[in-house]
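Contents: one structure, followed by commentary.
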Amino acid sequence: MKKIRIGYGYDVHRLADGLPLWLGGVRIPHGKGEVAHSDGDVLIHAVCDALLGALALGDIGVHFPDTSAEFKDIDSKLLLRRTVALIKEKGYCVGNVDAMLCLEKPKINPFVEAMRKTLAVILETGEEDVSVKATTREKLGFVGREEGVEAFVSVLLFHRDMLSSVL
């Protein structure tokens, strides 16, 4: 059995006027928000995909399909909690998360600490193990035209047997 696993996640959503903007479980004041079946939190969706991918458990669409009424307008923090439960069932815990958001506006720096704290609680890890960064696309492409938002995430998972042997 492999004791250390690495996962990578990506998500993208269109932005539209008048919708709420959720990033990392935090509501961000802005005139545009994600068009999605759920609340559209691209950061949490990418974290879910990275966690699931690390253990070859499929992707977020397999576990939480956008064709299911159960997940219509669901808070993505609930999806992340369910995903964490899946990795715990397999005996794994989060080592660290490194996330990158791509959007032109708004600037998210004032919200980064709240995102890190929210994610750390759900992931059952320390805030020091959750990195959230942001960049723009320098006005290029759909992100640059403020038509969408992207998230890229890497995660490191440890098996509990490895942790108990180290401690």
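Odds and ends about this structure:
- Annotation: amide H-H contacts under 5 Å for residue 25 (H modelled 1.01 Å from N, sequence separation of 5 or more, or interchain): 44.
- Set of lysines near residue 2 by C-alpha distance (under 27 Å), chain-local residues within fewer than 8 positions excluded: 88, 90
- For the chain, modelled as a GNM whose springs connect Cα atoms under 10 angstrom apart, the maximal fluctuation among 24, 148, 58 occurs at 58.
- Accessible surface area normalised per residue over the chain is 50 Å², counting heavy atoms of protein chains with a 1.4 Å rolling probe.
- DSSP beta bridges in the chain [antiparallel fraction, %, rounded to 5]: 80 percent
The values are calculated or read from the model by the stated rules, or taken from the named source; none is laboratory data. This structure is a prediction, so every number in the text was calculated from the model and none was measured. Calculation scope for accessible area: heavy atoms of the full protein, side chains included, ligands and nucleic acids excluded. Shrake-Rupley method; radii C 1.70, N 1.55, O 1.52, S 1.80 Å.
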